[in-house]
Structure formats: C-alpha cells, structure tokens
Amino acid sequence: MREIISMPFFVNAIAMCVIMSLLFGMLSFFVVLRRMSFLGAGVAHTAFGGVALGLFLGIDPFFASLAFCVLAAVTLGRLVSRDGLSYDAGIGIFFAFSMALGAILIAVRKAYSFDLMGYLFGNILGVTTFDTVMAAIALVLLYLFVGLYLHRLLFMSFDEDVASTSGVRTGALDTLLLALMAAVIITGIKVVGIILISALVVLPASFGLLLSKNFRLVIAWGILYTFAIMTGGLALSFVLDTPTGATIVSLGTALYFLAMAFVRIFMNK
Amino acid sequence: MERPIIALNNVWVEFGSIIVLEDITLAVRPREIVSIVGPNGSGKTTLLRTMMGLTRPTRGTVSILETAPAEIMRTGRIGYLPQERRQDERFPVTAYDVVAMSRFARTAVIERLTRTDRQAIEGALDTVGMADAARAHFGSLSGGQKQRVLIARALALNPEILLLDEPSTGLDAVAQDSFYLLLRKLRDERGLAIVIVSHDIGTVSMIVDTVACIKRKLHFHGKPADCLGSDRLAEVFGKNVYVLHHDKNCPTCRDDHA
Ligand SMILES: Nc1ncnc2c1ncn2[C@@H]1O[C@H](COP(=O)(O)OP(=O)(O)OP(=O)(O)O)[C@@H](O)[C@H]1O
Ligand SMILES: [Mg+2]
C-alpha cells in the first residue's frame, strides 16, 4: 500500500479528488439552479471538438479545448439570453456538430496515438501534475468569483430580470459564470471523461437540495458528496478493477437515489 | 408641467412580424400613480418591460428618470414586481434571503449587509406582514405569501419608481386593501411614481391618478373619469372598460373621481 501512495500519480489522483470536490460541489449549485445542466453537458462534448482542433493545428489540446469551450459556452449562453434561442435545440445541434468535427479532424490527421477512450471516459491514472495545477488555478478563480458575487449570483439565478433591474450586472456575471463553468468542466474531463462529466455537474447540487433548504448547506453537502463519490469510486475501481470514471458516476448515482429514498422514508416528503 | 419621470416617444415593439406595441407616446409624471388596463395579450407586460429596458423598442425612444433604460438598470432605482413567478420550488433561500437580494444587488465590491440594510429588509418584511415568516423557506410559502415577499423585495430597494405587474395576484382581500393603501402612502410620503398593471380595476381605481388603456396602441391616458362616455373605447375594450364605468358609479369611487 505504501508503495502505491508514494507513487506520484496516486498523490495527484488524491489531490485531484479534493480539488474536483470543491470545484464541482460549487459549480453544480449554480448550474442546477440556473437550469444550465444541459449546457454543461454540451460544453463537455464541445471539448472533444476542441481537443481534435488542437491536435489538428498542433496546439496543446488542453489549451485548445479550454479556449474552444469557453468561447462556445459564452456564445451559446449569449444566444440563449439575447435571442431566446431554445437551449435544447441550440446546444443539441452545436455539441453534436462539435463531436462530429472532432471525429473528422482526428481521422484526417490520422492521430491514432490519441487516447480517445481516455477523453471519452476519463483516466484518473493519466492525471499529471500539470492537470492538477490547472485544476487548482480553476479552483482559485471560481472561489474568488463566488466569494465576491455569491448573493448577486443567487439573485440572478432566482430571478434574472429583477436582478438586472435592481442593479446586478447580470450580463457580465453570466459571461463569467459560463466561462468558469467551461474551465471547470475541462479540468474535470481528465478524471471522468466527456461522456460522464455531466453527472458531476448535475449530481452534487441535486444531492444537496435533497438534504437542505439553506443555500450554504446545499453547497457544503454537494462538496462532501463529490468528495465521497470520487474517493469511494477511486478505491472501488481499484478493488473491483473497473474503469474509474464509470465507477465514480455509478457510485454517485446510487448514493443520490439512496439519499432520495432516505429522505422520502425518514423525512416524510 | 413637471418633467416626466418616464417618457415613451413613438415607441414600437415588434417580435418578428408581430406588432405588440404600436406608436406609443406616454409620459408618467413624478408622484403619479398610473394604472395600465387592457385585455390579455394587449401588451401591458411588454410596455412595463420596455419602460425599464428589459425589452428594447424596435422604434422610438424611452427615457426613465431622465436616463436611458439600459443605464438606469445599473443604479437599482426601480422596484419591479414581475407578473410571472418562475422560481424553482426547491430554490434554497428563506423569505429574508429573497428580500436581502435587492440590498445585495447594489453592492460595490464586498457583499456585506450593513445595519441600514438589515433595517430596510426587516422593515419591508414588516410592511407586507411577513416579519414572522422571515426565516421560512421561500418555496414552501403559499402563493399569496410569496407575492408579499416579492413585494417586500421591491420595497427594500427604496426605489424611486415602482413598476408592478399584477401585484394583487394571490393576495387576499385584506392584503389587497392594505397593499393599495401602502402604495398611496409610498407616493405621499416618499414621492414614488407607481405604474400598476391590474385587471382588478375596481380597487385600483380608488388609488390611481390616471389610467392608460392599452391594446397594442395607447387608446387613452388620463383621469379615470374622463375615460367614460367614449363609445370608441368601449368598442375596443369591451367589458374591460365597462368595469371602469361601473367603478365611477359605485359608492367607494364616487368621492375620488367626482
Ligand atoms: N418575447 C416575446 N416574443 C414573442 N412574442 C411576445 C414576447 N413577449 C410578448 N409577446 C407577445 O406580445 C403580446 C403581448 O404580450 P404581453 O405579455 O405584453 O400581454 P399582457 O397585456 O401583459 O397580457 P396579460 O394580461 O395576459 O398579462 C402577446 O401576444 C405575446 O404573445
Ligand atoms: Mg402581462
């Protein structure tokens, strides 16, 4: 056991679990309350196109997908609020296109060495110090943002029109939130993959909302929950020899429904 | 004439090929209470949203507090009560949190409530009779209670103008009466201008200075009493104006409009 712990990838994996919990526990709260879950899933899929574009142009895939996704998230978010473009259709079309573009670019480039499965389903053992540092930077930015704007974000999520007529700069806050959402999702893709990341975006706040009606506690429960499923899923995947990302998401789903049953039975709701 | 606090000049609002507001010119004076009347879908909500910049006119100009609507939004001088409540029942905030939102809206850098803020929040909750429910979960309140909290949120802003879209929705008879008295008091004591969209014309006409009859176009804006006897108005508005006729002659209103 000591040998495993001393291995750098394992240290990275644990550090990543802590950072991911703080990231997704917080992000999930705003995404769920602003009803942007589908947008989150869309951004994750867009990442695939970004990675492929990076490979194609010879730019680092991480930064390529970061730039691509931030741009996509902000643009889609704007289209939705300005022109009333339906979230579902707009995002559905865009992320399918982005994945298709990615597939074409990879085929054209003949990038066979590209770890496709790693991007789609995650590979926590492939997490490098670079990934951890990037996630830590996202963490600092997200918490700085929320620390300064928590109540205004809450107002905007609760009632965007009234927030803006009351003096909240909703346009700017929305753009920043969308950009941060894209950045956080990109850092999480390494761990659970494009296909499964939407679970991390939706589940923590949904879990928190089952247990509390106080926004601070909902966030705290979301963080705890994410930490529990990430470390639990990681350990389980070692013991059962199953894919890590899939194990984390399955454990998370099971825990969510368990909590729901618990609340129904013991709290009479 | 005092300068108008809200002025619309030849304002058109179109959504695609549908004209929702056509060539509206309307001025609201300081301390005026205006009621906007019209059948469903006549453009009342759109008119309110255009006044504060939430909807941009396709033609014409709007000025509010002598500023462009887009600018005024940032200053938080307008209290707005929207018609639709789209909040998620699960939204994890208390009644107090909801009212506090309007105090946080104007934060410069660090979000922290001062003593003045807390007094404004508690005062607003008290005014609408929700002080005892301050710590209750907003989503678990009844429809009328939610409406009261949202009214308190608009009041806590200490606005210079109140724009209220069907504020009496869900309020019981007692709450309605005291709400309308409150509006009048706010106008008298703090000099607010108030724009109310309401179908509940009977009560509203007791407190308003003017009525604006809207159905895509502005068909009439003036004292409620002057709106009578116009056959054309009756033709356009049908029963909606009939109610005004009725009010003029009903005992409670006669003194006000005689
Ligand atoms: N964003 C929009 N896009 C397209 N059409 C719209 C939009 N907003 C309003 N409309 C249309 O404009 C018309 C006027 O709507 P509005 O909500 O202003 O009516 P209203 O007078 O407030 O009605 P009600 O009494 O039912 O509240 C309606 O026909 C509506 O369908
Ligand atoms: Mg309306």
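The values are calculated or read from the model by the stated rules, or taken from the named source; none is laboratory data. Quick caveat, the model's predicted, so the values are computed rather than measured. Cβ: placed from backbone, ideal geometry, glycine included. Neighbour counts: every protein chain shown. With ligands, DNA and RNA removed, areas are computed over all heavy atoms of the protein, side chains included. Shrake-Rupley method; radii C 1.70, N 1.55, O 1.52, S 1.80 Å.
A few comments on the model shown:
- Amide H partners (placed H, <5 Å) of B:Y80, local residues excluded: B:L163
- At a threshold of 30 Å², the residues of the stretch A:198-237 that become less accessible to a 1.4 Å probe in the full protein assembly than in their chain on its own are A:L209, A:K213, A:F215.
- Signed unit charges on C-beta, dipole axis of chain A, positive-most listed residue A:T231, A:G49, A:S98: A:T231
- Per-residue 3J(HN,Hα) values for the stretch B:62-73, derived from phi via the Karplus relation 6.51 cos²θ - 1.76 cosθ + 1.60 with θ = phi - 60°, read 10, 10, 9, 6, 6, 9, 6, x, 4, 6, 5, 4 Hz in sequence order (x marks Gly and Pro).
- Accessible area that becomes buried as A packs against B, both chains, 1.4 Å probe, Å², nearest 100: 2700 Å²
- Pairs of lysine residues in the protein assembly as shown - Cα separation under 26 Å, sequence separation of 8 or more or cross-chain: 22
- Heavy-atom accessible area order for A:R78, B:R112, A:R109, B:R187, largest first, 1.4 Å probe: B:R112, A:R109, A:R78, B:R187
- Accessible surface, per residue, of chain B when the full set of protein chains is kept, probe 1.4 Å, Å²: 46 Å²
- Between the stretch B:13-38 and the stretch B:105-130, the Cα center-to-center distance that results, in Å: 32 Å
- Accessible surface ranking that places the most exposed of A:Y143, B:Y96 first, with a 1.4 angstrom probe: A:Y143, B:Y96
- Largest to smallest accessible area among B:F91, B:F15 [probe 1.4 Å]: B:F15, B:F91
- Exposure of A:F56 as accessible area (Å², to 10), given a probe of 1.4 Å and all protein chains: 80 Å²
- Rounded to the nearest 10 Å², the accessible area of B:I19 at probe 1.4 Å: 50 Å²
- For the protein assembly as shown, the equivalent ellipsoid derived from the Cα gyration tensor has semi-axes of 52, 26, 19 Å, listed largest first.
- Accessible surface of chain A, 1.4 Å probe, proportion on carbon and sulfur as whole %: 73 percent
- Heavy atoms of the protein chains alone define the surface here; on that basis chain A has 43 Å² accessible area per residue at 1.4 Å probe size.
- Just checking the listed ones, B:Q145, B:Q87, B:Q119: in the Gaussian network model of chain B with Cα springs under 10 Å, the one fluctuating most is B:Q87.
- Within chain B, DSSP assigns beta bridges of which about 55% are antiparallel (rounded to the nearest 5).
- With at most 12 neighbouring Cβ atoms within 10 Å, loop GluC sites (Glu not before Pro) (DSSP) excluded, longest segment of chain B: B:90-258
- At the residue level, B:D126 shows approximately 100 square angstrom of accessible surface with a 1.4 angstrom probe and all protein chains present.
- Just checking the listed ones, B:H221, B:H137, B:H199: in the Gaussian network model of chain B with Cα springs under 10 Å, the one fluctuating most is B:H137.
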